[in-house]
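Beneath this line is the structure, given in structure tokens, with notes to follow.
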Amino acid sequence: MALGMHVISAQNLVVEFPMYAAAHRSLKKTVLHASTGGRIAQDARDRVTVRALDGISFVINSGDRVGLVGHNGSGKTTLLRVLAGAYEPVVGKLEIFGRVASLLDIAMGMDNDATGYENIVLRVIMMGLSPTEMRTRVEEIGEFSELGEYLDMPVRTYSAGMQMRLAFAVSTSISADILLMDEWLSVGDAQFNEKASKRLDAIIAQSKALIIASHSPELISKLCNRGIRLQHGRLEEEFAP
């Protein structure tokens, strides 16, 4: 793919979540939600909905590093989940060219009763690796995690830090064209965290596009050549970090 060719095209994306218990909410809570999250609206069947994304349009080109900024509830994580395929827009058109790697909720899907090695195998199969690739990758992931003999034990015996090590090692084991992140990942102790940061740097360098949500202006300035500011589910502005 040539530099500058777009890898993501979004046109008028709308994402809504129905509020089935809305009739029981107090006016105070509804107003508070409207001031901190998506826009309150009604759909065609008169259900109260929260419009988490409201007419979002943008193009991301190969070579772009895009930072998503905005207050909590502005739509950053929702947009990332749409790009990851977890949410389906109710309106609009989304085109994605290339393989997407999502580093959102990296521990989601772990089987606590399965061993570390079994979890690695399950995750890489879900990532679409062939049996031959899987055998090679399992050993590499296990070695990177530095969990040693714990990999033969059920994940429920792991500390929270050990679970994050395993999840990080698996989630970052496969390169992709488009990388999605919600804040910079920090896992393990200082020594492991340094190794993890180096791996993230390498993955970002190899990817065609990065989209990262963050509250840190320093991180956005360091990583990104473009910024998108969201407010109440709308694209407020694009800026140069």
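Every number here is computed from the coordinates shown, using simple stated rules; none is lab data. Since the structure is predicted, the reported quantities are computational estimates derived from the model, not experimental observations. We place every Cβ from the backbone using ideal geometry, glycine too, and count neighbours over all the protein chains shown.
Counted by neighbouring Cβ atoms within 10 Å, the residues Asp105, Asp113, Asp54 run from fewest to most as Asp113, Asp105, Asp54.
Taking all Cα pairs closer than 8 Å and separated by 6 or more residues, the relative contact order of the chain comes to 28 percent. Quick one: grab the alpha carbon gyration tensor of the range 109-193, order the square roots of its eigenvalues as a ≥ b ≥ c, and give me rounded if a/c is under 1.5, else prolate or oblate depending on whether a/b is larger than b/c. Judged from the Cα gyration tensor, the range 109-193 comes out oblate (a/c at least 1.5, b/c at or above a/b).
Annotation: the residues Glu118, Glu16, Glu149, sorted from fewest to most other C-beta atoms within 10 Å of their own C-beta, follow the order Glu149, Glu118, Glu16. Once the chain from Lys198 to His71 is taken as fully extended at 0.36 nm per residue, the excess over their C-alpha distance is 42.9 nm. Taking the Cα centre of the range 84-241 as the origin and placing charges on Cβ (Lys, Arg +1; Asp, Glu -1), which of Tyr87, Ser221, Leu103 is farthest toward the positive end of the dipole? Positive-most Cα among the choices belongs to Ser221. Straightening the chain between Glu149 and Thr132 buys 3.8 nm, computed as 0.36 nm per residue apart minus the Cα-Cα spacing. Residues Ile125, Ile211, Ile174, ranked from the fewest to the most other C-beta atoms within 10 Å, line up as Ile125, Ile174, Ile211.
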